[in-house]
Amino acid sequence: MPAKERTKRLLLGLIIPILVLAVWQVAVMAHLLSENLFPPPTSILQDFYEMLVSGELTHHLGISVMRAMIGFIVGGGLGLFFGLMSGLYKRAEELVDPTVQMMRTVPLLAVTPLFILWFGFGELSKILLIAMGAFFPLYVNAFLGVRNVDSKLFDVARVLEFSRLHQLTKVVLPAAMPNILLGVRLSLSTAWLCLVVAELMGADQGIGFLIQDARSYMRTGVVFVGIIIFALVGKLTDSLVRILEARLLQWRDSYRG
Amino acid sequence: MATTALEISHLNKSFRTATTVTHVLEDIRLSLKQQEFVSIIGPSGCGKSTLLKIVAGLDADYEGVVLLNGTDVTGPSKEKGFIFQEHRLFPWATVEKNIAADLSLKDPKVRSRVDEMIELVRLQGFEKAYPKQISGGMSQRVAIARALLRNPQVLLLDEPFGALDAFTRNHMQESLLEIWRQNQTSMLLVTHDIDEAIFLSNRIVVMDAKPGRIKAIISVDLNYPRNRVGGAFQQLRTQVLSALNHKEADVVGYDI
């Protein structure tokens, strides 16, 4: 895409956010909105800057990212493993799938009290909650990916006498990769969502704690900073997976809009 | 042309339902000499593709004997290269990786063999291209290279150029001849194109449908490369057509 086209697209996308911020700023300065509930964008920016300089922000962000990552790796990893197994082996599907599908319908918020009862307010209950959220998208999509492999390519693998291992690494995994990466994206965003739930529920560190703490002291600006951070990091991880997708799936020949 | 590469004798295949028995293939007897090019031609439903799948080891439900170099065919193997109607390349792999398939290009022996094959099918410059970036004819050439890399005893081709346009098809037939001349692999080609069969083969097997059986085997004693518009070619065309249209299977005698 030429540079000119790209800047044009960027500017077009920025019109609405900038308009909203400008109206907001003016409305607060004209005392149409309460400054306590809607701190003006400039003051939020100042809070953001102060927290960044004091190191408060990076400390809490680091804790949150760590929780989300561990939860994602544990839950997503298990989801990928069981998804592939169920996809590959009928027996594994019959064993695992009914239970997973049943568990999948349970709302996560409904099991949080149970997790707190069992594992307390510590790190374990938070990470388990995140892991549980991250498990299902990867499970479902890995399973789907394996089942979508073109059986004609299996004939080729038979004629060329691929070993079991090569059938997996050279046929099944590459063919299932689009679905697996979609699963990774959905899992990451679910992990991030569960992190917020886990941290708002009770924590003494992390971005969620920051928001909760600021709320009790009526520091609305800090609440906004926390929300913005959640949004930014969420978008960032999503972009990272999309870059990975573009690299790994450049062979795909599909409609790009 | 000396020894026999492939020997099919008394091959029968039938589908059974509760009330009917359909003979798909009836008493097929056919042998293929080493370095020979044989085409099988016949109306759709004559079981020619089924016959090829049996030889490939992809279909094990038959009676009779299929011997490749004197040993029973028990399942698919690299010994019997198979070219499908569609190219069936791995869309996520580049041309060179498709040809190497389960072998590693980091192995210098594989690397040089792959380069050799790419030269044979004339795809230099496209080593790093993905299947979506190359034409149907080129894709089919990659599939042929993938099969030939494994030094098959026989290359089985199941209407490999059926999906290509007329110009590309002619061109592919010429490249296949060239590949055959250089590589000297025995070829067994299933086709519905009479000209293709005459242009390429030493012998043409004409099959009949319901039940699928061999009606005639016609030798093509023309020098390569053959002139598609020549009188001898025209004569053979008439001969194949009349064999195809003949109602009585036993009128045109044949021996194997």
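What to note about this one:
- Of all the residues in region A:32-61, those that are under 17 Å from A:M218 (Cα atoms) and in a loop (DSSP other than H, G, I, E, B) number 8.
- Residues satisfying the stated conditions in region A:96-123, i.e. of a type outside the set (A, V, I, L, M), under 23 Å from the mean Cα position of the chain (by Cα) and not in a helix (DSSP H, G or I): A:T105, A:P107, A:F121, A:G122
- Within region A:96-114, if we keep just the residues that are farther than 20 Å from A:L84 by Cβ and hydroxyl-bearing (S, T, Y), the residue that is modelled with the lowest pLDDT turns out to be A:T112.
- Members of region B:97-114 found to be more than 13 Å from chain A (Cβ to nearest Cβ) and either under 24 Å from the mean Cα position of the chain (by Cα) or exposed (fewer than 15 other Cβ atoms within 10 Å of the Cβ) (or both), listed by number: B:K106, B:D107, B:P108, B:K109, B:S112, B:R113, B:V114
Results for (1) of a type in the set (K, R); (2) away from every other protein chain (no Cβ under 14 Å), shown as yes or no for each residue.
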residue	(1), (2)
A:M218	no, yes
A:G226	no, yes
A:F230	no, yes
A:I243	no, yes
A:R247	yes, no
A:W251	no, no
A:S254	no, no
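- Among the conditions (1) in contact (Cβ under 8 Å) with a residue 12 or more places away in the chain; (2) closer than 30 Å to A:L144 by Cα, A:G221 misses just one, which is (2).
- Residue, surrounded by the fewest Cβ atoms within 10 Å (Cβ to Cβ), within region B:84-96, restricted to residues that are at the interface with chain A (Cβ under 9 Å from one of its Cβ atoms) and over 20 Å from the mean Cα position of the chain (by Cα): B:P91
- Residue satisfying condition, being of a type outside the set (A, V, I, L, M, F, W, C) and in contact (Cβ under 8 Å) with a residue 60 or more places away in the chain, within set A:S54, A:S43: A:S43
- The requirement of being touching a Phe, Trp or Tyr at 6+ places or on another chain (Cβ under 7 Å), within 13 Å of chain B (Cβ to nearest Cβ) and free of Cβ contacts under 8 Å to residues at least 40 places away in the same chain is satisfied by A:V159.
To keep it simple, each residue is scored yes or no on (1) at pLDDT below 95; (2) surrounded by 23 or more Cβ atoms within 10 Å (Cβ to Cβ); (3) within 21 Å of A:L188 (Cα to Cα).
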site	(1), (2), (3)
A:L78	no, no, yes
A:G83	no, yes, yes
A:L88	yes, no, no
A:I116	yes, no, no
A:F135	no, yes, yes
A:L144	no, no, yes
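- Filter pass, B:L177 being outside the structural domain of B:S31 (by TED's automatic domain parsing), at pLDDT below 90, farther than 21 Å from B:S49 by Cβ and aliphatic (A, V, I, L, M): no
- Residues being under 15 Å from the mean Cα position of the chain (by Cα) and either outside any helix (DSSP H, G or I) or within 12 Å of another protein chain (Cβ to nearest Cβ) (or both) - total across region B:128-145: 1
- Applying the criterion of being out of contact with any Phe, Trp or Tyr (no Cβ under 8 Å at 6 or more places or on another chain) and crowded, with 18+ Cβ neighbours inside 10 Å to the residues of region A:190-200, the residue that is nearest to A:L232 (Cα to Cα) is A:L195.
The values are calculated or read from the model by the stated rules, or taken from the named source; none is laboratory data. This structure is a prediction, so every number in the text was calculated from the model and none was measured. All Cβ positions, glycine included, derive from the backbone under ideal geometry; neighbour counts span all protein chains shown.
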